[in-house]
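Visitor: Can you keep this structure in mind? I'll have questions shortly.
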Amino acid sequence: MSEAKTCLFDVPGCAALRRTLRCDPEQFRRVRNALLKTFASDAVATAEFIGRDRLAIHALTLEQRHESAVDGATKLLLRTGQGLLTETVVLRIASGRCTVCVSSQVGCAAACQFCATGTMGIARSLSTAEILDQVLQAGQILAEQGRRLRNVVFMGMGEPFHNEANVHAAVDRLLDPAGFHLSPSKILVSTVGVIDAMLRFAERFPRVGLALSLHSVEPDTRRKLIPLAKKNPLPELRRTIAELNRIQGRGVMLEYLMLQDVNDSDEDADALVAWTEGLDVHINVIPYNPIDDAPHLQATPRTRVDAFAARLRDAGRKTTRRHSLGRDIEAACGQLVKRSNLRPR
Ligand code: SF4
């Protein structure tokens with residue numbers, strides 16, 4: 001009978017394996033650094049490691065890889081040990097900065113109207129190892145191409161703060177000098193606004209970025225788009241951002257999806273300016289990728305997106321327009337997983 005393997009991300013397990021193998025700690029450190037810091041291939045990293053047959057490097061199996069024909073995005077469909085699919089997006093931005101967008105759950109209970117993942121319901125939260133393996137696999141793909149992974153964003157499937165303990169543990173490991181050793185400024189966690197969890201996160205990781213999916217400052221509109229807004233109302237969210245500014249000493253990113261005739265008028269822009277008065281925020285205006293499940297939601301035309309962003313800038317708000325990558329590989333989070341799950345395996 002073959003012996004059970006030890007997960008690379010199981011720190012006490014790896015220490016026990018090292019003792020069992022009577023392996024030189026330096027040899028083990030080299031394997032770990034080759035994988036997590038330089039994203040070497042599995043074969044190269046473990047070539048001289050006596051315990052390579054006892055180490056499980058990956059927590060997820062790469063099932064499909066979709067390359068965008070029009071820009072630098074790659075979407076990975078990854079399968080968990082229980083056979084569930086999740087997805088990860090590798091973004092190669094023209095400036096050369098490479099980012100991985102990781103999932104924290106399979107499906108999502110938040111049920112946001114504009115999101116394909118939200119229409120799937122929740123299957124389960126991903127483990128810390130499953131979150132970290134997305135970073136490792138993305139880093140290895142980029143390293144093969146001579147590129148370097150720079151940023152990790154939690155903007156894939158799932159609400160990160162519905163999987164709080166595992167997301168905290170994953171961020172710990174991303175920052176850890178003995179782990180991936182990323183700078184906190186290179187990590188961004190995006191939430192639809194789970195107030196208590198945002199504050200806990202900021203206390204624990206004061207230098208890691210937080211993004212809030214805001215999308216509207218009109219209470220009824222926001223509640224329709226994001227059912228969780230009922231539990232986390234706008235006045236409290238506003239006070240929370242002020243508190244995050246105080247704790248972190250840095251700005252909060254506000255994500256604003258542009259939906260035609262829903263939240264994209266000049267009045268909406270003015271309301272957003274008024275709502276953000278006195279807050280340290282950076283507004284990211286995001287073009288919408290329509291999904292089949294929400295035929296009533298359409299993308300705001302490009303000229304209106306630009307006019308909306310200009311109005312925010314003219315009022316003194318730091319504003320950028322996000323360029324959506326990977327449209328041709330179904331960039332809307334969850335679309336690809338949904339489709340694959342419908343096909344018989
Ligand atoms: S937008 Fe995020 S929080 Fe909302 S349903 Fe989709 S994955 Fe969940």
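Visitor: Please pick out the residue among ARG200, ARG223, ARG204 that is over 23 Å from ALA170 (Cα atoms) and modelled with pLDDT of 95 or more. Working first, answer last.
Guide: Details: ARG200 fails: over 23 Å from ALA170 (Cα atoms); ARG204 fails: over 23 Å from ALA170 (Cα atoms).
Exactly one of ARG200, ARG223, ARG204 is over 23 Å from ALA170 (Cα atoms) and modelled with pLDDT of 95 or more, namely ARG223.
Visitor: Here's another thing I want to ask about it. Return the pairs, sorted by first residue and then second, in which the second residue is surrounded by 13 or more Cβ atoms within 10 Å (Cβ to Cβ) and not in a strand (DSSP E or B), the first residue lies in segment 59-70 and is modelled with pLDDT of 95 or more, the beta carbons are less than 6 Å apart, and the residues are 6+ apart or on different chains.
Guide: As it stands, the answer is ALA59/ALA129; ALA59/GLU130; ALA59/ASP133; LEU60/GLU130; LEU60/ASP133, since those pairs meet every condition given.
Visitor: I need the full set of residues from segment 188-213 which are within 14 Å of the ligand (Cβ to nearest atom) and in a loop (DSSP other than H, G, I, E, B), in order please.
Guide: Hits for segment 188-213 are VAL192, GLY193, VAL194.
Visitor: For segment 42-53, which positions are in contact with a helix residue (DSSP H, G or I) (Cβ under 6 Å, 6 or more places away or on another chain) and closer than 24 Å to THR80 by Cα?
Guide: Within segment 42-53, ALA45, THR46, GLY51, ARG52 meet the criteria.
Visitor: Is it true that some residue in segment 100-119 is farther than 27 Å from ARG222 by Cβ and either more than 11 Å from the ligand (Cβ to nearest atom) or modelled with pLDDT of 95 or more (or both)?
Guide: The initial filter retains those residues of segment 100-119 that are farther than 27 Å from ARG222 by Cβ, namely 100.
Those still in the list that are either more than 11 Å from the ligand (Cβ to nearest atom) or modelled with pLDDT of 95 or more (or both) too: 100.
Among the residues of segment 100-119, at least one is farther than 27 Å from ARG222 by Cβ and either more than 11 Å from the ligand (Cβ to nearest atom) or modelled with pLDDT of 95 or more (or both), which makes the answer yes.
Visitor: May I pose another question? For the structure I just gave you, tell me whether ARG223 is touching a Lys or Arg at 6+ places or on another chain (Cβ under 6 Å) and free of Cβ contacts under 8 Å to residues at least 40 places away in the same chain.
Guide: Values: touching a Lys or Arg at 6+ places or on another chain (Cβ under 6 Å): yes; free of Cβ contacts under 8 Å to residues at least 40 places away in the same chain: yes.
Considered against the rule, which asks whether it is touching a Lys or Arg at 6+ places or on another chain (Cβ under 6 Å) and free of Cβ contacts under 8 Å to residues at least 40 places away in the same chain, ARG223 comes out as yes.
Visitor: Taking the options GLY158, GLY146, name whichever one is farther than 28 Å from ALA274 by Cβ, without any contact (Cβ under 8 Å) to a residue 24 or more places away in the chain, assigned by TED's automatic domain parsing to the domain that holds LEU259 and not aliphatic (A, V, I, L, M).
Guide: On the way: GLY158 fails: without any contact (Cβ under 8 Å) to a residue 24 or more places away in the chain.
Criteria check complete, one pass: GLY146.
Visitor: Follow-up question, since we're still on this one. Which of the following residues is touching a Cys at 6+ places or on another chain (Cβ under 7 Å) and under 16 Å from PHE180 (Cβ atoms): VAL102, VAL153, VAL89? Let's see the steps before the verdict.
Guide: Details: VAL102 fails: touching a Cys at 6+ places or on another chain (Cβ under 7 Å); VAL89 fails: under 16 Å from PHE180 (Cβ atoms).
Answer to the check: VAL153.
Visitor: Find the residue count for segment 226-275, including only residues that are under 24 Å from the mean Cα position of the chain (by Cα), among the β-branched types (Val, Ile, Thr) and assigned to a loop (DSSP other than H, G, I, E, B).
Guide: Qualifying residue count, segment 226-275: 1.
Visitor: Could you say whether any residue in segment 40-55 is assigned to a strand (DSSP E or B) and either modelled with pLDDT under 90 or surrounded by 14 or more Cβ atoms within 10 Å (Cβ to Cβ) (or both)?
Guide: yes
Visitor: State all residues of segment 141-175 that are more than 16 Å from the ligand (Cβ to nearest atom) and closer than 15 Å to PHE9 by Cβ; if no residue qualifies, say none.
Guide: VAL152, ALA165, HIS168, ALA169, ALA170, VAL171, ASP172, ARG173, LEU174, LEU175
The values are calculated or read from the model by the stated rules, or taken from the named source; none is laboratory data. Since we're looking at a predicted model, the values are computed, not measured. FYI the Cβ positions are ideal-geometry reconstructions off the backbone, even for glycines, and counts take in every protein chain you see.
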